[in-house]
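Here is the structure we will look at.
The values are calculated or read from the model by the stated rules, or taken from the named source; none is laboratory data. Only a predicted model underlies this, so the values are computations on that prediction, with no experimental measurement involved. Glycine also receives a Cβ, built like all others from the backbone with ideal geometry; neighbour counts cover every protein chain displayed. Side chains are part of the model used for accessible areas, which takes the heavy atoms of the whole protein and leaves out ligands, DNA and RNA. Shrake-Rupley method; radii C 1.70, N 1.55, O 1.52, S 1.80 Å.
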Amino acid sequence: MRPEVNGERLLRRLSDFAEIGKTKAGGVNRQALSSEDRAARRLLADLVTARGFNVFQDAIANLFVRREGRDATRPAMLIGSHLDSQPTGGRFDGALGTLAAFEVLEALEDADHETASAIEVVAWTNEEGSRFAPGVMGSMAFVGAAHPDDFRSVVSGDGESFGQELAATLAALPEATMRPLGTPISAYLELHIEQGPSLEREGLAAGVVTAVQGTRWLAVTFSGSAGHAGTTSLAYRRDPMVAATSALNRLQMSIMPQDDDARLTVGRFSTHPGSINAIPDHVTFTVDIRHPDALSLAAIEARIRAVCEEAALSQRCSVEISTSFDMPPGSFSKVMTDRIETAARALALPYKHMISGAFHDALFVSRVAPTAMIFVPCRDGVSHNETEYVEPAHAINGARLLLAATLESVCSLLVIV
Ligand code: GLV
Ligand code: MN
Ligand code: MN
């Protein structure tokens, strides 16, 4: 019997997981290592046990579901994504890739289909980075680009410690066998929604992702002097708000308008002491910058630093800028993108090559194994938004393509390992 995706089961799983952390506006709030994230891991582990697969976790709580293959000594082929979400996230960002990967295992099991090596599903820890910065912590630790200890002291906006939440998450899944970080894999495939509008506009079923643009996250703090709002005249002010807003105005009006490929986002902004009638002494904001070209990304960071220094000086303030995340742009394996294309042609799914504007765990995983990604369209390209939506047919076709590309890879493992 040929393994076939059970579309109805996949859609049911997507709506079951969407109940965990469900928001009033129809999205999810299932931030990394929260009780909602633990509930999603619990549900996945229960499904795994019911199907007789094995479940593992590593020191950063990456969760692995293993279906054995013919030869247990060969490294497993890995497929998956993440279950954590943005604070006002959508139901498909991460969940689609993780649950479609689990559907692949179930489809293989239903068909009693033996693969040459084991296939494992992964749910990476803290892809989003919104509760605990930076993102993609799980895959960074998996490939050795970071160690879980590097993140233990990170504190969330609500005062929770990453170290404590990690320990609680690990303890919540006692049936998962602990395994070392970086257990070798033969290849990695990740299915994800595009999070942009191009596939939908062009009427395509899939994107074969060949590269991911680079990301840097900065934290900028302007410091001045607190003072009375009513009595401090202009000459006596050292107002970090004036410095911050003038710097931001210059950056927003130049970086993206001058370069179509550049992205600049200020998603978090706070003042201290945050009183209506006090000049603040500190103003802090985050900057997320993206670019497909590493040199351009570095040039944007240098420009931000220069503009902020000038703005601080003009207000007799100071500024400190730290980089909390640096994910250089990178390309995926041609062997793996060829396999996705072969599978797409076999399924008669129209596709195109594209690069990812969002970052993904797959980019770090590509450092240790042949890796590529499949994108499917999402409505109006909207993501990181509770209204995010994927047509059932697109979700199912994505899972079918993932299954076919996975089988294509597993059958050819000898060629690429
Ligand atoms: C991923 O969530 C990103 O911000 O690109
Ligand atoms: Mn995602
Ligand atoms: Mn996301």
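Go through the residues of segment 212-219 one by one and say whether even a single one is within 16 Å of ligand 1 (Cβ to nearest atom), open to solvent by 10 Å² or more (accessible area, probe 1.4 Å) and of a type in the set (Lys, Arg).
Yes: segment 212-219 contains one or more residues that are within 16 Å of ligand 1 (Cβ to nearest atom), open to solvent by 10 Å² or more (accessible area, probe 1.4 Å) and of a type in the set (Lys, Arg).
So Leu363 fits all but one of (1) outside any helix (DSSP H, G or I); (2) within 16 Å of ligand 2 (Cβ to nearest atom); what number is the exception?
(1)
Just one of the numbered conditions (1) surrounded by fewer than 22 Cβ atoms within 10 Å (Cβ to Cβ); (2) within 25 Å of the chain's Cα centre (by Cα); (3) part of a helix (DSSP H, G or I) is not true of Arg345; which one?
In the conditions (1) surrounded by fewer than 22 Cβ atoms within 10 Å (Cβ to Cβ); (2) within 25 Å of the chain's Cα centre (by Cα); (3) part of a helix (DSSP H, G or I), Arg345 misses (2) alone.
Yes or no, residue by residue, for (1) β-branched (Val, Ile, Thr); (2) open to solvent by 10 Å² or more (accessible area, probe 1.4 Å); (3) farther than 15 Å from Ser409 by Cα:
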residue: Gln315; (1), (2), (3): no, yes, yes
residue: Met327; (1), (2), (3): no, no, yes
residue: His360; (1), (2), (3): no, no, yes
residue: Pro370; (1), (2), (3): no, yes, no
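Can you go through Leu199, Leu204, Leu173, Leu166 and tell me which one is of a type outside the set (Phe, Trp, Tyr), in contact with a Pro (Cβ under 8 Å, 6 or more places away or on another chain) and either exposed (fewer than 15 other Cβ atoms within 10 Å of the Cβ) or part of a loop (DSSP other than H, G, I, E, B) (or both)?
Leu204
Return the total of residues in segment 297-330 being under 29 Å from the mean Cα position of the chain (by Cα) and in a strand (DSSP E or B).
So the count comes out to 9.
From the residues in segment 12-37 that are part of a helix (DSSP H, G or I) and in contact with a Leu (Cβ under 8 Å, 6 or more places away or on another chain), which one is most open to solvent (accessible area, probe 1.4 Å)?
Restricting to residues being part of a helix (DSSP H, G or I) and in contact with a Leu (Cβ under 8 Å, 6 or more places away or on another chain), the top hit is Asp16.
For segment 180-200, indicate whether the set of residues that are free of Cβ contacts under 8 Å to residues at least 12 places away in the same chain and either of a type outside the set (Asp, Glu) or not assigned by TED's automatic domain parsing to the domain that holds Gly69 (or both) is non-empty.
No, every residue in segment 180-200 fails to be free of Cβ contacts under 8 Å to residues at least 12 places away in the same chain and either of a type outside the set (Asp, Glu) or not assigned by TED's automatic domain parsing to the domain that holds Gly69 (or both).
For segment 53-80, which residues satisfy the criterion of being part of a loop (DSSP other than H, G, I, E, B) and either more than 15 Å from Glu106 (Cα to Cα) or free of Cβ contacts under 8 Å to residues at least 12 places away in the same chain (or both)?
Matches in segment 53-80: Asp58, Ala59, Ile60, Ala61, Asn62, Arg70, Asp71, Ala72, Thr73, Arg74, Pro75.
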